[in-house]
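Some notes on the structure that comes next.
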Amino acid sequence: MVAAGWLAAAVLSTGVTLAAVSSIGTGIFGSSAGPLDGEEINEALATPSPSVEPTPQPTATPEPTGSPVTEPAPTEPGGEPSVITSEGGTVVARCAADDLVELLSWSPAQGFSVDNAEHGPASEVDVEFESEDDDVEMKIRCVDGVPVDADDDDD
């Protein structure tokens, strides 16, 4: 009797599962649309789609308030960011006031990790990338308002 009950439950759950999987292909509320043939595609393209009417915009111009228009303050002080690459990874840095450099981001190359990174602002910042076989140190400073790798600049 227990075996018959277990078998009935298994058959019932299998039937429910098959019905659910079958409804995925046909949709829950009936058959779903299948692939269209060439004639159905041409008919669908020839049928105009419903258009959306543009929302009317107000035509009156606002009266001036008499307050002066001011430029928004810059969101990030400093110069333009520069991307500097090395065998160990890539850094994005920019020069701030007084030839100070600051790191905005850094990303190690594949096989490397970041051992140390100084954010700045400072006259020179270091980023150390290391792998099992190699250590790459980048010393970034500003030269004429542009961030450069000091090791490359000395060549």
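Checking each residue in region 102-119 for being modelled with pLDDT under 90 and either in contact with a Leu (Cβ under 6 Å, 6 or more places away or on another chain) or over 19 Å from D151 (Cβ atoms) (or both) picks out only H119.
Provide a single number: the residues in region 100-113 that are touching a Gly at 6+ places or on another chain (Cβ under 7 Å) and either over 16 Å from P81 (Cα atoms) or without any contact (Cβ under 8 Å) to a residue 12 or more places away in the chain (or both).
Looking only at region 100-113, we keep the residues that are touching a Gly at 6+ places or on another chain (Cβ under 7 Å), and these are 100-103, 106-109, 112.
With either over 16 Å from P81 (Cα atoms) or without any contact (Cβ under 8 Å) to a residue 12 or more places away in the chain (or both) added as a condition, the list becomes 108-109, 112.
Summing the residues that are touching a Gly at 6+ places or on another chain (Cβ under 7 Å) and either over 16 Å from P81 (Cα atoms) or without any contact (Cβ under 8 Å) to a residue 12 or more places away in the chain (or both) in region 100-113 gives 3.
Hey, could you check region 93-149 for residues that are outside any loop (DSSP other than H, G, I, E, B) and among the small types (G, A, S) and say which is surrounded by the fewest Cβ atoms within 10 Å (Cβ to Cβ)? Only one residue fits best here, namely A97.
The values are calculated or read from the model by the stated rules, or taken from the named source; none is laboratory data. What you see is a predicted model; the values in this text were computed from it and never measured. Neighbour counts are summed over all protein chains in view; Cβ atoms, including those assigned to glycine, are modelled from backbone coordinates with ideal geometry.
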